[in-house]
Amino acid sequence: MIIFTCRGLYSREAMSEDSPYTGTRRTVLKGIGAATIGAGMAGSATASVNTVVSDSERLGPVTPHDTIYQILVDRFSDGDPNNNDFSDFDSSLVDGTGDDLKLYQGGDWQGIIDRIPYLVDMGISAVWISAPNQNREERIEDEQDDGSVDVWTSYHGYHAKNYFSPHRFFGDMGDFEAMRDALHNNDIKLVVDFVSNHTSRWQNPTRDYKAEHGRLYEPDKDTNGNYIFDSDGNAVGSNLLADPHGQNADWFHNLGDPESGDTSRFAYRYNDLASLADFNHEYSEPVSHLIDAAQFWKGKGIDGFRHDATLHTNPAFSRVLKDAIDDDAGGPITHFGEFFISRPDPKYGEYESFPDRTGINNLDFEYMRAQTSVFGDFSETMTDFGQMLINTTDDYTHEHQAINFVDNHDVGRFRLTQQNDAVYNAALAAMMTVRGTPKIYYGTEQYVDPDGDSPNEGRVYMEADYQFDKSTTAYNVISKLASLRKENLGLAYGQTFIRHDSDDVIVFERSFYEHDVVVAINRQPDQSESVPSVSTELPDGTYTDELDNLLGGGSINASGGTLDSFTLGGGGISAWASTPSTSPTTPRLGTLVSTMGSAGQTVYLYGEGLGTDVTVEFDGVEATVNAGSENHVEVVVPNAAPGEVIVTASRNGQTSNSLVFTLLSGTQTQVVFHVNAETVLGENVHVVGNVPELGAWDPSEAPEAMHNPNYPEWFLPVAVPTDTQLEFKFVKIADDGTVTWESGNNRTFTSPPQRSGVGSTPTYDWRS
């Protein structure tokens, strides 16, 4: 399911609402560095700062209570026409009408501010926006078979040019901070796209891979080596840092696009995605730069990152990056990534395990696959849908943190698959009520119906082609169920029970102690179905439809642990909920953020019956509770034994349910292991060693199989604790699980002393 057009390489709300949320520009000059005039910058007001926003201005990580709204900034709303064109820019690359979706349309951060009332009334509590950093501004040209040339732009944000400068078509840094403040003032969290896999396209596949671009720039530095920003927080200067065609070319893999049919992990991770300049994450300089960039944007007061192209990124680097971000001032934030895999891909196991290996949760492509098949083309049944929910409960350690969606910027719009409004609404209702955290792609609530099935054609310009209409059924389905998700812990943290299923109808229940929601969905728009009496956790009573009969629902009775039989009309959808009004005396844990970290780092626990008087333990070792409320506490990870640990909370001798946390051995860095080893068909080589990150001598817990593009040489980057003497051996593991250890004494290697360093072992020879 990999789409190599997803970066816009080959790849409308006509009514403007009056909005009080204009925001205010604010420059925060706090943090590392003093106000310093840069060398050679006389006459300009410059400051050498890392702008850091106080913790109180950050709303906190996204939780399963939230509903996320994904915005391609350029394609949403134009609040400031002044940033649509510049004197030093080719104006032919700006369209503004929604007609040529390869070009810039004009959406910006002020446009998001202007539409906050629209988001609030929809129940949106988090927005995910395009990468905010400067992108390539030169035209991208693709020659067609008929001799014509298609012209593209980097409107989407996936062609990084300078990580420390804002994307000027979206606004300046003051505009970004004004948007952040306006969102936060309305209890909407801010998640930004972060692209650490690549810069821009460095070769042109329609011109025999003629060199194009791919260059990376950085701002000016002062005499202390700090980047220089002006009084508005904008970076000063633009200096070439790395070029895949020249300067510091070793920052990139430069291996070219994967050969046709090559589905190996090596090709996916180390070759170039859609001819984009692929960072060499096994080289310390780009690793250090990317960590600095991520920490810079975290310092702007954001609440989370969506990590681009995680399928194509070295997982060891991903863990190091995430660890560096969360270990920085302000504590853990949200992390989810684009691991573009679903069943039956043979790499599904890697998709499934990626959050456990890195601490970065997945955009749930398996959910999208199933939903498209069940509610889109009807190639699977509602029974299959229920089975997917059960399967992924087993697949995901932290299932509530998977991000559900029906469509996004890398796939065709759901409307292309399903034209019937009733079925479309059923798909939205399912996504809003199942396990995980729901994400709405901008315009989905307006039934966006593009002219074609490419991802780019689905990136419509809302302001030109669609009204921001609050009366659509889809908008109101999202609004009502987002409100229920905020209130009811069953939707946020509940276990899923399939109470009834058939080809076209499913009844499932989400239960978290006394918090309970029963959802009934009929995907057939014109055919009723009778549902027999089913088991339920709902207390005795009569329940009204939480959708206010918007989709043909009605009331139902529960008695003695069963629901009365009922008939679900064509396209009928009901949600019945029980939300207790009192807090329990025993603490109950729903989820935690982060799911991975080391001793001394902060972790947020969410649930109910919490507060500062609870005792929190990690494998029996007490943690320090720094702050808290009824529904969340902030704790410091204690110095327990590293590995998977059990987290509980207790009060007055009453202990909560447990959650799993991965306790790292310490600050993470990378070591690349190398060995020459001959194998037979079905065998892979692994490294296993003395720290949990190397499996703690248990081959079943060892890192993934090593890569062998130059067989019989094998290599693998692994995240390990800094400044640690590693003891290890190589093993061969066959398909049937048979393990063969190499002979001899344990090998040793000391990891780098800093997290941005990358160590590389000698290339050992396998010892028979």
ask   = Among 680, 660, 687, which is the only one that is under 28 Å from residue 267 (Cβ atoms) and part of a strand (DSSP E or B)?
value = 687
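Table: residues versus (1) surrounded by fewer than 24 Cβ atoms within 10 Å (Cβ to Cβ); (2) more than 20 Å from the chain's Cα centre (by Cα); (3) among the acidic types (Asp, Glu).
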position	(1), (2), (3)
124	no, no, no
137	yes, yes, yes
157	no, no, no
167	no, yes, no
170	no, yes, no
178	yes, yes, no
181	yes, yes, yes
key: Long-range neighbours under 7 Å by Cβ, at least six apart or interchain, first residue outside the structural domain of residue 315 (by TED's automatic domain parsing) and crowded, with 16+ Cβ neighbours inside 10 Å within the range 681-702, second assigned to a helix (DSSP H, G or I) and of a type in the set (A, V, I, L, M)   = 687/694; 688/694; 702/694
task = Would you mind finding the one in 51, 22 that is in the same structural domain as residue 178 (by TED's automatic domain parsing), at pLDDT below 90, part of a loop (DSSP other than H, G, I, E, B) and within 23 Å of residue 178 (Cβ to Cβ)?
result = 51
request  = Would you check which residues across the range 369-423 are closer than 16 Å to residue 523 by Cα and among the hydroxyl-bearing types (Ser, Thr, Tyr) and list them?
outcome  = 372, 373, 379, 381, 383, 417
remark   = Among the residues of the range 494-536, the number that are under 17 Å from residue 561 (Cβ atoms), among the hydroxyl-bearing types (Ser, Thr, Tyr) and in contact with a helix residue (DSSP H, G or I) (Cβ under 8 Å, 6 or more places away or on another chain) is 2
task = Scan the range 335-389 for residues that are under 26 Å from residue 423 (Cα atoms), within 12 Å of the chain's Cα centre (by Cα) and part of a helix (DSSP H, G or I) and jot them down.
result = 365
inquiry  = Give me the residue from the range 203-225 that is assigned to a loop (DSSP other than H, G, I, E, B) and closer than 17 Å to residue 286 by Cα and, out of that set, farthest from the chain's Cα centre (by Cα).
reply    = 225
request  = Select, from 328, 308, the only residue that is closer than 21 Å to residue 158 by Cβ and acidic (Asp, Glu).
outcome  = 308
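Is at least one residue of the range 648-658 hydrophobic (A, V, I, L, M, F, W, C), over 30 Å from residue 285 (Cβ atoms), surrounded by 20 or more Cβ atoms within 10 Å (Cβ to Cβ) and at pLDDT 95 or above? I'd like the intermediate steps shown before the answer.
In the first step, residues of the range 648-658 are kept if they are hydrophobic (A, V, I, L, M, F, W, C); the result is 649.
Still in the list and also over 30 Å from residue 285 (Cβ atoms): 649.
Retained after the next criterion (residues that are surrounded by 20 or more Cβ atoms within 10 Å (Cβ to Cβ)): 649.
Cutting the leftovers down to at pLDDT 95 or above gives us 649.
So far as the range 648-658 goes, yes, one or more of its residues are hydrophobic (A, V, I, L, M, F, W, C), over 30 Å from residue 285 (Cβ atoms), surrounded by 20 or more Cβ atoms within 10 Å (Cβ to Cβ) and at pLDDT 95 or above.
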note = Considering residues that are modelled with pLDDT under 95, not hydrophobic (A, V, I, L, M, F, W, C) and not in a helix (DSSP H, G or I), the number found within the range 67-93 is 5
ask   = Does the range 606-619 include one or more residues that are closer than 11 Å to residue 588 by Cα, aromatic (Phe, Trp, Tyr) and not assigned by TED's automatic domain parsing to the domain that holds residue 60?
value = yes
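So, in the range 99-117, how many residues would count as being of a type in the set (A, V, I, L, M, F, W, C) and not in a helix (DSSP H, G or I)? Please lay out each step first, then the result.
Restricting attention to the range 99-117, the residues satisfying the condition of being of a type in the set (A, V, I, L, M, F, W, C) are 101, 103, 109, 112-113, 116.
Among the residues that remain, those that are also not in a helix (DSSP H, G or I) are: 101, 103.
Count: 2.
Each row is one residue, and each column tells you yes or no for (1) at pLDDT below 95; (2) under 26 Å from residue 384 (Cβ atoms); (3) surrounded by fewer than 22 Cβ atoms within 10 Å (Cβ to Cβ).
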| residue | (1), (2), (3) |
| --- | --- |
| 451 | yes, no, yes |
| 460 | no, no, no |
| 472 | no, no, yes |
| 481 | no, yes, no |
| 486 | no, no, yes |
| 494 | no, yes, no |
| 506 | no, yes, no |
| 516 | no, yes, no |
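Checking the condition within 27 Å of the chain's Cα centre (by Cα), closer than 23 Å to residue 370 by Cα and hydroxyl-bearing (Ser, Thr, Tyr), which residue from 475, 461 passes?
Details: 461 fails: closer than 23 Å to residue 370 by Cα.
Checking each option against the conditions leaves just 475.
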query = Which of the residues belonging to the range 405-423 are surrounded by fewer than 24 Cβ atoms within 10 Å (Cβ to Cβ) and assigned to a helix (DSSP H, G or I)?
reply = 415, 416, 417, 421, 422, 423
Total residues in the range 301-311, condition within 17 Å of residue 287 (Cα to Cα) and in a helix (DSSP H, G or I) = 1
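Taking residue 671 as the residue in question, decide whether it is more than 24 Å from residue 327 (Cα to Cα) and either surrounded by 17 or more Cβ atoms within 10 Å (Cβ to Cβ) or modelled with pLDDT of 95 or more (or both).
Considered against the rule, which asks whether it is more than 24 Å from residue 327 (Cα to Cα) and either surrounded by 17 or more Cβ atoms within 10 Å (Cβ to Cβ) or modelled with pLDDT of 95 or more (or both), residue 671 comes out as no.
Out of all the residues in the range 716-768, which are in a loop (DSSP other than H, G, I, E, B), hydroxyl-bearing (Ser, Thr, Tyr), touching an Asp or Glu at 6+ places or on another chain (Cβ under 8 Å) and closer than 16 Å to residue 287 by Cβ?
Within the range 716-768, the first condition is being in a loop (DSSP other than H, G, I, E, B), and the residues that meet it are 722-724, 734-738, 742-746, 751-757, 766-768.
Of the ones still in play, those that are also hydroxyl-bearing (Ser, Thr, Tyr) are 722, 724, 738, 743, 751, 756, 768.
Checking the rest, the ones that are also touching an Asp or Glu at 6+ places or on another chain (Cβ under 8 Å) come to 751, 768.
If the condition is that a residue be in a loop (DSSP other than H, G, I, E, B), hydroxyl-bearing (Ser, Thr, Tyr), touching an Asp or Glu at 6+ places or on another chain (Cβ under 8 Å) and closer than 16 Å to residue 287 by Cβ, then 751 is the only one that fits.
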remark   = Apart from one, (1) more than 30 Å from the chain's Cα centre (by Cα); (2) under 15 Å from residue 294 (Cα atoms) all hold for residue 199; the odd one out is (1)
ask   = Which of (1) modelled with pLDDT under 95; (2) under 30 Å from residue 376 (Cβ atoms) does residue 575 not meet, given it meets every other one?
value = (1)
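Quick check on the range 312-334: of everything there that is β-branched (Val, Ile, Thr) and in a helix (DSSP H, G or I), which residue is surrounded by the most Cβ atoms within 10 Å (Cβ to Cβ)? Show your work before the answer.
First, the residues of the range 312-334 that are β-branched (Val, Ile, Thr): 313, 320, 325, 333-334.
After this cut, where a residue has to be in a helix (DSSP H, G or I) as well, the list is 320, 325.
On the way: 320: 28, 325: 24.
Ranking the qualifying residues of the range 312-334, first place goes to 320.
Quick grid of which residues meet (1) modelled with pLDDT under 95; (2) touching a His at 6+ places or on another chain (Cβ under 7 Å); (3) aliphatic (A, V, I, L, M):
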| site | (1), (2), (3) |
| --- | --- |
| 167 | no, no, no |
| 173 | no, no, yes |
| 192 | no, no, yes |
| 196 | no, yes, no |
| 207 | yes, no, no |
| 219 | no, no, no |
| 227 | no, no, no |
request  = Report the residue count in the range 607-638 for those that are among the hydroxyl-bearing types (Ser, Thr, Tyr) and either surrounded by 19 or more Cβ atoms within 10 Å (Cβ to Cβ) or assigned to a loop (DSSP other than H, G, I, E, B) (or both).
outcome  = 2
inquiry  = Any residue at all in the range 293-307 that's more than 30 Å from residue 125 (Cβ to Cβ), basic (Lys, Arg), crowded, with 20+ Cβ neighbours inside 10 Å and modelled with pLDDT of 95 or more?
reply    = no
request  = Test each condition in (1) surrounded by 23 or more Cβ atoms within 10 Å (Cβ to Cβ); (2) of a type outside the set (Asp, Glu); (3) not in a loop (DSSP other than H, G, I, E, B) for residue 120 and report the one that comes out false.
outcome  = (1)
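Given the criterion within 26 Å of residue 668 (Cβ to Cβ), assigned by TED's automatic domain parsing to the domain that holds residue 351 and not in a helix (DSSP H, G or I), identify the matching residue among 278, 262, 292, 232. Full working, then the answer.
Values: 262 fails: within 26 Å of residue 668 (Cβ to Cβ); 292 fails: not in a helix (DSSP H, G or I); 232 fails: within 26 Å of residue 668 (Cβ to Cβ).
The match here is 278.
The values are calculated or read from the model by the stated rules, or taken from the named source; none is laboratory data. The structure presented is a predicted model; accordingly, all values stated were derived computationally and were not measured. Glycine also receives a Cβ, built like all others from the backbone with ideal geometry; neighbour counts cover every protein chain displayed.
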